[in-house]
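The values are calculated or read from the model by the stated rules, or taken from the named source; none is laboratory data. Just so it is clear, the structure is predicted and the values come from calculations on it, not from any experiment. Counting neighbours? That spans all protein chains shown, and the Cβs are built from the backbone with ideal geometry, glycine included. Side chains included, ligands, DNA and RNA excluded: accessible areas come from the protein's heavy atoms. Shrake-Rupley method; radii C 1.70, N 1.55, O 1.52, S 1.80 Å.
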Amino acid sequence: MTEFEKSVISIVRGALTGETPSIAATADLAEIYRFGAKQQINYLLYTGLSMTEGFADSEVAALFLQDACVGMAVSVCQRQGIETVCRAFDAHGVDYMPLKGMLLGALYPQPEMRSMGDADILIRTEQLDTIAGVMRELGYTEGLSAEHEYAWCKPNTLRLELHKYLVPPFEADMFAFFGDTAVWDNAVCQGGHEYRMTPEDELIFDFIHFVKHFRTSGAGIRNITDFYVFRKKYTELDEAYICARLSRIGLERFYRNVIALCDVWFAQSHEDAVTDKITDLLFSGGIYGSAEMQIDT
């Protein structure tokens, strides 16, 4: 890994673990700020950098603070919007399954550390008419929809993506694996009309979503922090089940490499050519990479 990569990872590790970051003497905080803005992790970086000597007096401290304050305001607004929608779904008998950032944010030391562009919820297609009525009643407007999801937006509040399927049909291998409604059969009711996947299935889905971005336009380092906080929360995952499921679509080896990368970043285990290559790719673009970063997993 480069000195820049090591410095950023140390800052992120500090934010998530409380360990004082170790930053290279040559580190350029302005460059780290620009990188964090591109990857939408400046709240996370601000938290880690605030533990380092001299940061508060640096020229970019105010920029980091500004981004952190904006991130906090957006996060609070999003969480309030999500709570309102979920209460309305419960009141109207609408089954719903929170996905991705809606669940992952709660696993971070502070939810603001995990930015979220929109909220993703799996719904039952037979309840679409009821859902549309609920969303309009709450002041949402229907946006552009895709084959596997419906978008609903409320200015200055929240953008919701209501999924018919966990993955889009054009991702043929993943859709065959995780695209039908069988996910509801294994879901666990949390009370009311909220359902969740088992931790193992949730991790598999989050990993598949990461792979979708990684192999088409790249991904950012937030995906790795997601896996770290998830596995820190759920310490007794059935790894044999996870690997067996992922092997069905040829992703077991890549999964093991990503978990090894988590150990390099957060347990400071020995890096190798594979973990260095993945690190380079994750640092090369924005939060979801770029069109030039297509890669075969």
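Residues checked against (1) exposed (fewer than 14 other Cβ atoms within 10 Å of the Cβ); (2) of a type in the set (A, V, I, L, M); (3) under 20 Å from the mean Cα position of the chain (by Cα):
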site: Asp28; (1), (2), (3): yes, no, no
site: Tyr46; (1), (2), (3): no, no, yes
site: Phe55; (1), (2), (3): no, no, no
site: Asp67; (1), (2), (3): no, no, yes
site: Gly71; (1), (2), (3): no, no, yes
site: Arg79; (1), (2), (3): no, no, yes
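For the stretch 56-83, give me each residue that is acidic (Asp, Glu), out of contact with any Gly (no Cβ under 8 Å at 6 or more places or on another chain) and modelled with pLDDT of 95 or more.
Within the stretch 56-83, Glu83 is the sole residue that qualifies.
Residue count for the stretch 84-102 under the criterion of being open to solvent by 30 Å² or more (accessible area, probe 1.4 Å) and modelled with pLDDT of 95 or more: the result is 5.
Pairs are defined by a Cβ separation below 9 Å, a sequence spacing of at least 6 or placement on different chains, a first member in the stretch 150-168 that is in contact (Cβ under 8 Å) with a residue 60 or more places away in the chain, and a second member that is open to solvent by 10 Å² or more (accessible area, probe 1.4 Å) and β-branched (Val, Ile, Thr); the pairs so defined are Lys154/Thr141; Thr157/Thr84; Leu158/Ile82; Leu158/Thr84; Leu160/Ile82; Leu166/Val183.
Criterion applied to Ala182, Ala187 was being over 29 Å from Phe283 (Cα atoms) and touching a Lys or Arg at 6+ places or on another chain (Cβ under 7 Å), and the one residue passing it is Ala187. Please verify whether the stretch 199-213 includes one or more residues that are touching a Gly at 6+ places or on another chain (Cβ under 6 Å), within 14 Å of Pro98 (Cα to Cα) and among the aromatic types (Phe, Trp, Tyr). The answer is no, given that none of the residues of the stretch 199-213 is touching a Gly at 6+ places or on another chain (Cβ under 6 Å), within 14 Å of Pro98 (Cα to Cα) and among the aromatic types (Phe, Trp, Tyr). Suppose the filter is closer than 30 Å to Val12 by Cα and either more than 20 Å from the chain's Cα centre (by Cα) or in a loop (DSSP other than H, G, I, E, B) (or both); does Gly117 pass it? Against the criterion (closer than 30 Å to Val12 by Cα and either more than 20 Å from the chain's Cα centre (by Cα) or in a loop (DSSP other than H, G, I, E, B) (or both)), Gly117 qualifies.
Of the residues making up the stretch 10-26, those that are open to solvent by 10 Å² or more (accessible area, probe 1.4 Å) and among the β-branched types (Val, Ile, Thr) number 4. The set of residues from the stretch 227-276 being closer than 19 Å to Glu19 by Cβ, among the charged types (D, E, K, R) and touching a Cys at 6+ places or on another chain (Cβ under 9 Å) comprises just one member, Arg231.
The set of residues from the stretch 103-130 being surrounded by fewer than 16 Cβ atoms within 10 Å (Cβ to Cβ) and aliphatic (A, V, I, L, M) comprises Ala106, Leu128. For the stretch 240-261, check the following and say yes or no: at least one residue is acidic (Asp, Glu), out of contact with any helix residue (DSSP H, G or I) (no Cβ under 6 Å at 6 or more places or on another chain) and either open to solvent by 20 Å² or more (accessible area, probe 1.4 Å) or in a loop (DSSP other than H, G, I, E, B) (or both). Looking through the stretch 240-261, none of the residues is acidic (Asp, Glu), out of contact with any helix residue (DSSP H, G or I) (no Cβ under 6 Å at 6 or more places or on another chain) and either open to solvent by 20 Å² or more (accessible area, probe 1.4 Å) or in a loop (DSSP other than H, G, I, E, B) (or both).
Within the stretch 213-235, the set of residues being in contact (Cβ under 8 Å) with a residue 40 or more places away in the chain, open to solvent by 20 Å² or more (accessible area, probe 1.4 Å) and in a loop (DSSP other than H, G, I, E, B) comprises Arg215, Thr216, Ser217. Annotation for the stretch 195-208: at least one member residue is more than 18 Å from Leu246 (Cβ to Cβ) and of a type outside the set (A, V, I, L, M, F, W, C). Does Leu128 fit the bill of being in contact (Cβ under 8 Å) with a residue 12 or more places away in the chain, more than 29 Å from Asn42 (Cα to Cα) and not in a loop (DSSP other than H, G, I, E, B)? Yes: the conditions hold for Leu128.
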